[in-house]
Amino acid sequence: TVDNLRRPSATSLTSAMMHLSLLIACPALLLTPSASVLRASPVMQLRDQQPAVPVQPREVQQVVPVGTQNFNRAPVGTQNFNSQQNYQSYQSGRTSTTTGTRTRSLADISRAKQLEDPSILVQGGSLRTWSYRNPLVDEVNVELSTEGRPLDADIELWHGPDNTPVKMRVYVENGEMRPFSCVIETPRGPNTIALRNIGQLEFPFAANVFHDRIDQPSNECLNSATTIQGGALRTYPFESVVETVQVMLKTDGRPLNARIELLQGPNNNKQVIELYTEDGLNRPFFCTLATPGSGNVVRVVNTAPVEFPMSASVVAHLINDNYTSGAVLGGDVVIGGDLTW
């Protein structure tokens, strides 16, 4: 009996071996206290009284649908902005550098050029239109110029469907030296100004149509009108000191058909305007001609029949008092560059 008590049973040996294997496999069980030990030990109860560490929520990435653009993030491949202000400046078209200076974008440069020179380039054979729906716009100013090449254009006023109350054909030998400028009356809007470059592709011109800075005729131009009968013509010579000339044509309400020529020398047309207006009273014609150099003559021809007379006024506008022809009275005369008197 004593031997049986001292000798362990097979069941106890098996249980001891299982506990030993668990301790070897999981040594952390030796360091982890049980629930009963935590309740019995006052030192370990401090673990429950410690404040809980707040859990930081994970950042959720916003999913953008396919085909849309995420404006809150910079596109892939663009520069990394250091502040929100720089990125907002980038979105508005202006990016600030690290030194504080501001660089100009292509949109700003294009906008500045339009403010400085709002002219539109019209290529050869193309058409450009300017529409005014406001009925308060009763006249517009049209300016055409080139870089020194000839200018050949058709100008029309469209008022309603299939109604062209004003049309003209303009030819200028040198659009840089003699730019074209005229005023077209546009009562009872809406109206549309149509400019067509009827020249070749090699002859573009710059066009500008505006309504806020209208050229007005002088008092001398308004008070010096003369009557030109149908089929008749008048010539107006000007001296070399005259730089620009004002021309105004009108009727008593009848149609206006005229031809205006700027001559410099015998039969040397520098500028030609062929004009038609359905009502010369409500839609008179007014233009300013540049007359550089000497020997300028303005010729006005009434191409209508004798039943349609018109009133014409051609006066000098800008006069250069400091103009000199280059000749010096009493100076030395050089013949061929070799002999002197």
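The values are calculated or read from the model by the stated rules, or taken from the named source; none is laboratory data. Keep in mind the model is a prediction, meaning the values are calculated, not measured. Note that we place each Cβ from the backbone using ideal geometry, even for glycine, and neighbour counts take in every protein chain shown. Calculation scope for accessible area: heavy atoms of the full protein, side chains included, ligands and nucleic acids excluded. Shrake-Rupley method; radii C 1.70, N 1.55, O 1.52, S 1.80 Å.
Worth a mention:
- Note on segment 197-219: residues that are more than 22 Å from the chain's Cα centre (by Cα), assigned to a loop (DSSP other than H, G, I, E, B) and of a type outside the set (A, V, I, L, M, F, W, C) total 7.
- Residues in segment 277-291 that are part of a loop (DSSP other than H, G, I, E, B) and of a type in the set (S, T, N, Q): 282, 291.
- The set of residues in segment 162-205 being among the aromatic types (Phe, Trp, Tyr) and crowded, with 21+ Cβ neighbours inside 10 Å consists of 180, 205.
- Any chance residue 156 is open to solvent by 20 Å² or more (accessible area, probe 1.4 Å), under 24 Å from the mean Cα position of the chain (by Cα) and under 16 Å from residue 283 (Cβ atoms): yes
- Some residue of segment 242-250 being surrounded by fewer than 16 Cβ atoms within 10 Å (Cβ to Cβ) and at negative phi: no
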